[in-house]
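Below: one structure, written as structure tokens.
The values are calculated or read from the model by the stated rules, or taken from the named source; none is laboratory data. Computed from a predicted structure; not experimentally measured. Every residue, glycine as well, gets a Cβ built from its backbone with ideal geometry; the counts of neighbours run over all protein chains shown. Note: areas computed on protein heavy atoms with side chains; ligands, DNA, RNA excluded. Shrake-Rupley method; radii C 1.70, N 1.55, O 1.52, S 1.80 Å.
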Amino acid sequence: MIQGARLFDGEQVFERADVLIKDGLIARIDDEIDAPKNAQILDGAGRTLLPGLWDAHAHLGGNGSWWFGG
């Protein structure tokens, strides 16, 4: 579970959000979630989450051949 992070869902920004992750997937996003018993808690304060927008930044050099195996 990630608590207290800034979150951008692709449309709007939430200045503080808790994110519950279950079996490797986002199970719930809300302003405040009571952590399940034995949950690992990560402090998201000062961080921004982009759920579903992984690898939102990349650098390619030249024609990109090193990346695409060309």
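Does residue 46 satisfy the condition of being loosely packed, with under 12 Cβ neighbours inside 10 Å, modelled with pLDDT under 95 and not aliphatic (A, V, I, L, M)?
Details: loosely packed, with under 12 Cβ neighbours inside 10 Å: yes; modelled with pLDDT under 95: no; not aliphatic (A, V, I, L, M): yes.
Judged against the criteria, residue 46 is not a match.
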Taking region 7-25 and keeping only residues that are of a type in the set (A, V, I, L, M, F, W, C) and either open to solvent by 90 Å² or more (accessible area, probe 1.4 Å) or touching a residue at least 60 places away in the same chain (Cβ under 8 Å) (or both), one is left with 25
